[in-house]
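The values are calculated or read from the model by the stated rules, or taken from the named source; none is laboratory data. Only a predicted model underlies this, so the values are computations on that prediction, with no experimental measurement involved. Don't worry about glycine lacking a Cβ; one is built from the backbone with ideal geometry, like all the others, and counts go over all protein chains shown.
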Amino acid sequence: MVLDERKLRILSAIIDDYVETASPVGSRTITRKYNMGVSPATIRNEMSDLEELGYLDQPHVSAGRVPSTKAYRLYVDMLLSGARRPIGEDREALQYFTERITQMEDVVQTAAQAVSELTHLTALVMMPGQPTMRIATLQLVPMPRGSALLVIVTDSGIVRDTVIRVSDQLDMDALYTISRMLTETLAGHTLREAQEMLDAYAARSTADQRVLMGVRNLAVQMARQSSVDSVSVDGTHHILNYPEYSDVEKARAFLSVMETRDKLLSVLRSGSGTVTVRIGSEVGLEELGDCSLVTAPFQLGGGFGSIGVLGPMRMPYDRVIRTLSTIGQAMTEIFGSEEIS
C-alpha cells in the first residue's frame with residue numbers, strides 16, 4: 001500500500017522526533033511540535049493505521065509509538081530519491097574535513113575522525129588494495145650519524161618513509177644525486193617491479209648497498225601493505241552514548257565486531273557505487289542486527305573505496321547521508337589531484 005501525503009508527513013515527524021529523543025512518540029507530541037493542520041484525533045487514527053501497516057511499533061500498552069525497520073527503510077528511500085528534502089553538499093562537513101588535512105597521508109584518518117565527530121557515530125573507511133601502485137618520486141634526506149630519511153611517494157599520493165643507514169661519506173649533495181637517479185630509474189614502475197630492478201642493480205653496482213637495500217625493503221613493505229584492502233575505524237565509543245546500547249552484552253557485541261577487521265571489510269565491500277543505506281538485517285552481520293550502515297564511495301586510482309557510518313537505526317539519516325556524500329566526493333578529488341602530495 002502506498003501511503004498518502006498525510007501519513008507520510010506524520011510518519012516522518014515520528015521518526016524525526018524519535019531520532020532526537022529516543023522516546024516513544026505519542027499523538028500529543030506530534031500535535032504540539034509539528035504543524036499538521038489536523039486534529040489530535042485524526043493523528044491518533046493515522047498512527048493506528050500506520051501501526052497496522054507495520055510502520056510503527058508500540059513497545060508498551062500505554063506508550064507512544066516507535067518506528068519499525070520498515071518505517072526507516074521507507075524514510076531512507078525517500079531521502080535518497082529526494083522526495084523528502086533535497087540532499088546537497090554539506091558545506092560544514094567539507095570545511096571541517098579540508099581544514100584538517102595537511103598532507104596526503106592524513107586523508108584516511110582525518111576522514112574517519114571528521115565523520116565520527118560530525119555525526120557522533122562510528123566511522124569506517126575502507127581503502128581498496130592498490131597492487132599496481134607506481135612510484136612517483138623518491139627522496140633521501142640527510143640525518144645525523146650516518147643515516148638518512150627515505151621518503152617514497154606513489155602515483156596515488158600515498159607517502160611512506162623510513163630511516164636507513166648510509167655511508168658517512170654521503171653528504172646532502174650526494175644524497176640528492178642518488179635520489180634523482182633512483183627517481184629517474186624507478187618512476188612509473190610498480191613497487192614490485194622496483195623491487196626486482198633494485199635486486200638486479202645491487203648485484204652489479206658499486207653504489208652504497210645500504211641505500212639500495214633500504215629503498216628495496218621499503219618498496220617491498222609498501223607492496224605488501226597496498227595489495228590488500230584495509231579499514232580504519234574511529235569513534236567506536238560513540239555507540240555507548242545511545243540508550244539502545246545500555247545493555248552490556250549488546251554493547252560488547254558491537255565493540256567486538258569493531259575489532260574484527262575481516263567482518264568489517266566484508267560488509268564494506270558489499271556496498272555499491274552510490275550512497276547505500278542498510279538497515280537492521282540488511283547489514284549482513286547478526287551482531288549488528290539492530291544497527292544501520294550508511295556508506296558512500298570514493299575513487300582511488302582504478303578502484304573504489306568506501307566511507308561509512310555505523311550506528312543505531314535511530315540515526316539522523318539526512319545529515320549522515322549529506323556528510324558522507326560530501327566527504328566521499330572530496331576524497332575522490334584529493335586522491336585524483338596531482339598537486340597534493
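Overview of values
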quantity: Unique residue being among the aromatic types (F, W, Y) and at pLDDT 85 or above when the list is Y96, Y72; calculated: Y72
quantity: Test result for S12, under 25 Å from S292 (Cα atoms), of a type in the set (S, T, N, Q) and in a loop (DSSP other than H, G, I, E, B); calculated: no
quantity: In segment 75-93, the residues that are surrounded by 12 or more Cβ atoms within 10 Å (Cβ to Cβ), modelled with pLDDT under 80 and either among the basic types (K, R) or within 18 Å of D17 (Cα to Cα) (or both); calculated: R84
quantity: Only one of A223, A202, A194 that is closer than 22 Å to V166 by Cα, at pLDDT below 90 and surrounded by 15 or more Cβ atoms within 10 Å (Cβ to Cβ); calculated: A202
quantity: Number of the condition not met by L138 [criteria: (1) more than 30 Å from R261 (Cβ to Cβ); (2) modelled with pLDDT of 90 or more; (3) surrounded by fewer than 17 Cβ atoms within 10 Å (Cβ to Cβ)]; calculated: (3)
quantity: Residues satisfying the stated conditions in segment 259-279, i.e. surrounded by 17 or more Cβ atoms within 10 Å (Cβ to Cβ) and either over 14 Å from L124 (Cβ atoms) or of a type outside the set (K, R) (or both); calculated: L264, L265, V267, L268, G271, V275, T276, V277, I279
quantity: Hits in segment 257-293 - residues which are in contact with a Ser or Thr (Cβ under 8 Å, 6 or more places away or on another chain), assigned to a loop (DSSP other than H, G, I, E, B) and under 19 Å from A22 (Cα atoms); calculated: G289
quantity: Contacts under 7 angstrom Cβ, first residue in segment 17-32 being on the phi < 0 side of the Ramachandran plot, partner among the aromatic types (F, W, Y) and crowded, with 20+ Cβ neighbours inside 10 Å, 6 or more apart; calculated: V25/Y18
quantity: Those residues of segment 287-300 which are within 14 Å of P128 (Cα to Cα) and surrounded by 20 or more Cβ atoms within 10 Å (Cβ to Cβ), in sequence order; calculated: A296, P297, F298, L300
quantity: Filter result for L138 (within 25 Å of P128 (Cβ to Cβ), in a strand (DSSP E or B) and more than 28 Å from the chain's Cα centre (by Cα)); calculated: yes
quantity: Residue check for G284: in contact with a Lys or Arg (Cβ under 9 Å, 6 or more places away or on another chain), modelled with pLDDT under 95 and surrounded by fewer than 23 Cβ atoms within 10 Å (Cβ to Cβ); calculated: yes
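The rows are residues; the columns are (1) farther than 23 Å from Q109 by Cβ; (2) touching a Pro at 6+ places or on another chain (Cβ under 9 Å); (3) touching a residue at least 60 places away in the same chain (Cβ under 8 Å); (4) not basic (K, R).
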residue: V163; (1), (2), (3), (4): no, no, no, yes
residue: M172; (1), (2), (3), (4): yes, yes, no, yes
residue: A194; (1), (2), (3), (4): yes, no, no, yes
residue: M197; (1), (2), (3), (4): yes, no, no, yes
residue: Y201; (1), (2), (3), (4): yes, no, no, yes
residue: M213; (1), (2), (3), (4): yes, no, no, yes
residue: R216; (1), (2), (3), (4): yes, no, no, no
residue: I239; (1), (2), (3), (4): no, yes, yes, yes
residue: L255; (1), (2), (3), (4): no, no, no, yes
